[in-house]
Amino acid sequence: MMTRADNKNKLVSQAEGASQAATPSQTIAAYLKKMEPTFAEVLPKHIDKERLLRIALTTIRTNPKLLECTIPSLMASVMQSATLGLEPGLLGHCYFLPFKNNRTGTSEVQFIIGYKGMIDLARRSGNIQSISAHEVYENDFFELIYGLDENLKHIPWHTRSDERFDQPGMIRGAYMVAKFKDGGHYIHYMPKQEIDLHRARSKSANNGPWVSDYIEMCKKTVVRSGWKWLPISIEMAEQVVRSDESVRKDITETATSEVPIIEYNADDLETQPQQEESEVVPEEQQTLV
């Protein structure tokens, strides 16, 4: 005969087993699997569906703070990554940045396009022959003349023949050069002071790539600032502006409705090493985590 103690032990064992089977990583993997057909519908032809979802899941798993974020905001970030055809994580195409929504008390995900992602999107327009962005340091020789005959000359500090420097010095700014297939070109330079004003207006000014990849974000900022002067379709330009530095939760409700929500405790969070228009949450209601 089973005693009350036996019943209690059985219930405890069942609860422990359910807890072990319901980790945040497994829950997110289940949602990604369910939404796989939806992601496939929006992916550009040059992006492999399995690769993108594998990279997205790895990016989420290796950042414990992302595992604490709401499922809709996570799935929406992956959806934006799929729609634009940009890979999150180490390549620097785009980033998933966790932050605390002080209004709702939940953690959500902000989608940020990186420098390499901006360059990749510009090249896909079909009207650009080449596009590049570079940072400028104090010990570089840099000369830019605007006018009817624009002239740009940039000699990095380590290749200068007139002077010898052991270090680059402080960063002075960044510039972008785009050459068009019709023979035209566009040069855009931003001093560091102007770049930092853009950073100050960002919700992620003191976290994420602005801290871990400052130089890359300087180059991304100058490309985005000059975006409106590039021969890119209105649809692509609007999509980039709408997606960059956004928090979306409205595009996954139907797609995720049939996936059972698996409850878990905060103690179940996996603690693996951390790597370095949409609904916009007011800045005063955010705390970056």
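The values are calculated or read from the model by the stated rules, or taken from the named source; none is laboratory data. Since we're looking at a predicted model, the values are computed, not measured. Cβ sites come from the backbone with ideal geometry, for glycine too, and all protein chains shown count toward neighbours. To get the accessible areas, we keep the full protein, side chains included, count just its heavy atoms, and leave off ligands, DNA and RNA. Shrake-Rupley method; radii C 1.70, N 1.55, O 1.52, S 1.80 Å.
Annotations for the structure displayed:
- Largest to smallest in accessible area, the residues Tyr31, Tyr189 fall in the order Tyr189, Tyr31 (1.4 Å probe, all protein chains included).
- With every protein chain in place, the stretch 92-224: carbon and sulfur % of accessible area (1.4 Å): 47
- Potential lengthening between Arg103 and Glu143 on full extension [0.36 nm per residue; Cα-Cα distance subtracted]: 9.6 nm
- Heavy-atom accessible surface of Ile119, to the nearest 10 Å², is about 10 Å², with a 1.4 Å probe and all protein chains retained.
- Estimated FRET transfer efficiency when R0 is 25 angstrom, pair Leu91-Ser125 (beta carbons, to 0.05): 0.80
- Checking the cross-link pairs Lys179/Lys220; Lys116/Lys192; Lys116/Lys203; Lys34/Lys116 against a 26 Å limit on the alpha carbon distance flags Lys34/Lys116 as lying beyond it.
- Accessible heavy-atom area order of Leu67, Leu197, Leu91, highest first, probe of 1.4 Å: Leu197, Leu91, Leu67
- Computing FRET efficiency as 1/(1 + (r/R0)^6) for Tyr186 and Arg242, where r is the C-beta to C-beta distance and R0 is 35 Å, gives about 0.95.
- FRET efficiency estimate (nearest 0.05) - Cβ-Cβ, Val211 to Thr70, R0 22 angstrom: 0.40
- Whether the stretch 50-91 is rounded, prolate or oblate, judged on the alpha carbon gyration tensor where a/c under 1.5 counts as rounded: oblate
- Here the gap between Asp166 and Trp229, fully extended at 0.36 nm per residue and compared with their Cα-Cα distance, gives a gain of 19.0 nm.
- Model label sites at Ser25 and Leu57, defined 7 Å from Cα along the beta-carbon direction, differ in position by 1.1 nm.
- Largest to smallest accessible area among Arg201, Arg103 [probe 1.4 Å]: Arg201, Arg103
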